[in-house]
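Q: Here it is, the structure in full.
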Amino acid sequence: MHWKDLLKSSAFMMTAALLVALATNFSGLFPGDILTADVRSNLTIIFLIAIQTVSLSRIPFRNLNPVSNAKSVLRAVFLGLIVSSLIPLAGYYLLKDTEYSIQAMGLVFIAATPFAASVTPLSYILRGDTEHAARGTIVVYLVSLIWIPFIVWLTLGEVVDMKNVTITVFEIMGIPLVLSRLLTKVQIDRDLMAISLNTCIFFMIWLSVGATVFSGEAWVFAAFVAIAALRSFGLGNLVEVAEKKAGIPWKQRVTDILMTSYKNKGIAITLCMAVLGPTGMAPLAMVAIATSIVVEVLWVAFMDSVLFSKKRMLKETGEDS
């Protein structure tokens, strides 16, 4: 395999980032004296704005009208924001009154974030409904400008600075939405785009997980793994079974499951760093997000090789597409 193929692989780059971050974390080599909380927060915001802008710019203007596609839009908002948030929110409320309440705060940022902008290209790769994915991404990200501050206020409103939350959401969601519309017709080499985005993601994970404080009993880590698994594997397979039983066609199921189960970890990381960084709680709260990243790498591999495999699609639809 060529080195470029590895750099283009999101699963490989995320896994490599985690391994490097954990190695520098536990060895004490992470330069926390240079990369202070403020510096890490600012860098993650810059990286995420770049990632979001480029990712969203690949979504064209056509078929984005939410009025003429009301059912598709409502389904995206319901699955991508409401349903996908239930399990991490439940986990937060179960742990908020324990000695691990700070670590549990990370679950709030996972709950608040929408699905990843890469749901559109993943829908294409996994033979899903790309128009539904593209339209849903734009609408859900617009709704997230209100949804994210609402969820954070509802759960952490007494702990964090809501003005800072609002500003951060505007920076990482509002600015990319505007800038991306200016770049829709700009041709970007796919390989270069994939490598650039994965490199940004690599450094975001290293900046955040490298400074994460992994302390506490084994059961709390097991709890975060269970919550992440329920949110991705459990919820994703539940939607698959329910929609297949209801007669929902393959393409729609693929995209609906991605919207429900595949959260935007970049937004969760950046929100956690920017919002909790000033309080000194971000390194502890990052535990839940770091755990979620590990589980979602496995989930994407499972979707690609098992749940949405071409063999399974051909058996169900008979279409070689």
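The values are calculated or read from the model by the stated rules, or taken from the named source; none is laboratory data. For clarity, every value in this text was computed on a predicted model and none was experimentally measured. Ideal geometry is used to build each Cβ from the backbone, glycine not excepted, and the neighbour counts take in all protein chains shown.
Q: Any chance region 251-263 includes a residue that's at pLDDT below 90, closer than 27 Å to ILE46 by Cβ, crowded, with 19+ Cβ neighbours inside 10 Å and not charged (D, E, K, R)? Give the derivation first.
A: If we filter region 251-263 for residues that are at pLDDT below 90, which is where we start, we get none.
Within region 251-263, not a single residue is at pLDDT below 90, closer than 27 Å to ILE46 by Cβ, crowded, with 19+ Cβ neighbours inside 10 Å and not charged (D, E, K, R).
Q: Scanning for something over 15 Å from ALA111 (Cβ atoms), surrounded by 23 or more Cβ atoms within 10 Å (Cβ to Cβ) and of a type in the set (D, E, K, R), does region 296-308 turn up at least one residue?
A: Checked against the condition, which is being over 15 Å from ALA111 (Cβ atoms), surrounded by 23 or more Cβ atoms within 10 Å (Cβ to Cβ) and of a type in the set (D, E, K, R), region 296-308 yields no hits at all.
Q: Still on this structure, please answer the following. Among the candidates ASP129, ASP161, which residue alone is farther than 23 Å from ASN237 by Cβ and out of contact with any Cys (no Cβ under 6 Å at 6 or more places or on another chain)?
A: Values: ASP129 fails: farther than 23 Å from ASN237 by Cβ.
From the options ASP129, ASP161, the qualifying one is ASP161.
Q: Hey, another quick one. Can you pull out every residue in region 281-305 that is at pLDDT 90 or above and hydroxyl-bearing (Ser, Thr, Tyr)?
A: THR291, SER292
Q: Which one of THR270, THR260 is of a type in the set (Val, Ile, Thr), over 15 Å from THR212 (Cβ atoms), touching a residue at least 24 places away in the same chain (Cβ under 8 Å) and touching a helix residue (DSSP H, G or I) at 6+ places or on another chain (Cβ under 6 Å)?
A: Exactly one residue qualifies, and that residue is THR260.
Q: Among the candidates VAL77, VAL152, VAL83, VAL140, single out the residue that is in contact with a Ser or Thr (Cβ under 7 Å, 6 or more places away or on another chain), closer than 23 Å to ILE269 by Cα, part of a helix (DSSP H, G or I) and touching a residue at least 12 places away in the same chain (Cβ under 8 Å).
A: On the way: VAL77 fails: in contact with a Ser or Thr (Cβ under 7 Å, 6 or more places away or on another chain); VAL152 fails: in contact with a Ser or Thr (Cβ under 7 Å, 6 or more places away or on another chain); VAL140 fails: in contact with a Ser or Thr (Cβ under 7 Å, 6 or more places away or on another chain).
None of the other options fit; the residue is VAL83.
Q: Also, I was wondering about something else. Looking at region 38-49, can you tell me whether even one residue there is surrounded by fewer than 17 Cβ atoms within 10 Å (Cβ to Cβ) and over 20 Å from the mean Cα position of the chain (by Cα)?
A: Within region 38-49, one or more residues are surrounded by fewer than 17 Cβ atoms within 10 Å (Cβ to Cβ) and over 20 Å from the mean Cα position of the chain (by Cα).
Q: Another question about this same structure. Please go through region 299-319 and pick out each residue that is in contact (Cβ under 8 Å) with a residue 12 or more places away in the chain and not charged (D, E, K, R). Can you show your working first?
A: First pass over region 299-319, keeping only residues in contact (Cβ under 8 Å) with a residue 12 or more places away in the chain: 299-304, 307-308, 310, 313, 316-317.
Of everything in region 299-319, those that are in contact (Cβ under 8 Å) with a residue 12 or more places away in the chain and not charged (D, E, K, R) turn out to be TRP299, VAL300, ALA301, PHE302, MET303, LEU307, PHE308, MET313, THR317.
Q: Of (1) within 24 Å of GLU131 (Cα to Cα); (2) part of a helix (DSSP H, G or I), ALA21 satisfies all except one. Which?
A: Status for ALA21: all satisfied but (1).
Q: Restricting to region 30-54, name every residue that is part of a loop (DSSP other than H, G, I, E, B) and touching a residue at least 40 places away in the same chain (Cβ under 8 Å).
A: Step one: filter region 30-54 for residues part of a loop (DSSP other than H, G, I, E, B), giving 30-36.
Scanning region 30-54 gives PHE30, GLY32, LEU35.
Q: Return the residues of region 215-233 that are assigned to a loop (DSSP other than H, G, I, E, B), within 17 Å of MET105 (Cβ to Cβ) and of a type outside the set (S, T, N, Q); say none if nothing qualifies.
A: Restricting attention to region 215-233, the residues satisfying the condition of being assigned to a loop (DSSP other than H, G, I, E, B) are 215-217.
This time we only want the ones that are within 17 Å of MET105 (Cβ to Cβ), so: 215-216.
Answer for region 215-233, where residues must be assigned to a loop (DSSP other than H, G, I, E, B), within 17 Å of MET105 (Cβ to Cβ) and of a type outside the set (S, T, N, Q): just GLY216.
Q: Out of (1) of a type outside the set (Phe, Trp, Tyr); (2) under 16 Å from PRO60 (Cα atoms); (3) at pLDDT below 85, the odd one out for GLN187 is which?
A: Condition (3) is where GLN187 drops out.
Q: Right, another one. Which is polar (S, T, N, Q), under 30 Å from ALA285 (Cα atoms) and out of contact with any Leu (no Cβ under 8 Å at 6 or more places or on another chain), of SER215, SER118?
A: Values: SER215 fails: out of contact with any Leu (no Cβ under 8 Å at 6 or more places or on another chain).
Answer to the selection: SER118.
Q: Between a first residue in region 105-130 that is at pLDDT below 95 and a second residue that is among the basic types (Lys, Arg), which pairs have beta carbons less than 6 Å apart while being 6 or more apart in sequence or on different chains?
A: As it stands, the answer is GLY128/LYS251; ASP129/LYS251, since those pairs meet every condition given.
Q: Checking ILE267 against (1) of a type in the set (Val, Ile, Thr); (2) modelled with pLDDT of 90 or more; (3) surrounded by fewer than 19 Cβ atoms within 10 Å (Cβ to Cβ); (4) in a helix (DSSP H, G or I): exactly one of these is not met. Which one?
A: The one condition ILE267 does not meet is (3).
Q: Only one residue in SER68, SER27, SER57, SER101 is touching a residue at least 40 places away in the same chain (Cβ under 8 Å) and not hydrophobic (A, V, I, L, M, F, W, C). Which one?
A: Numbers: SER68 fails: touching a residue at least 40 places away in the same chain (Cβ under 8 Å); SER27 fails: touching a residue at least 40 places away in the same chain (Cβ under 8 Å); SER101 fails: touching a residue at least 40 places away in the same chain (Cβ under 8 Å).
Being touching a residue at least 40 places away in the same chain (Cβ under 8 Å) and not hydrophobic (A, V, I, L, M, F, W, C) holds for just one of SER68, SER27, SER57, SER101, which is SER57.
Q: Sticking with this one: Conditions: (1) hydroxyl-bearing (Ser, Thr, Tyr); (2) assigned to a helix (DSSP H, G or I); (3) closer than 20 Å to ASN42 by Cβ. THR212 meets all but one. Number of the miss?
A: Checking THR212 against (1) hydroxyl-bearing (Ser, Thr, Tyr); (2) assigned to a helix (DSSP H, G or I); (3) closer than 20 Å to ASN42 by Cβ, the one that fails is (2).
Every residue, every condition in (1) more than 15 Å from the chain's Cα centre (by Cα); (2) buried (at least 24 other Cβ atoms within 10 Å of the Cβ), yes or no:
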position	(1), (2)
SER57	yes, no
SER68	yes, no
LEU89	yes, no
ASP97	yes, no
PHE109	no, yes
PHE115	no, yes
LEU122	no, no
ARG127	yes, no
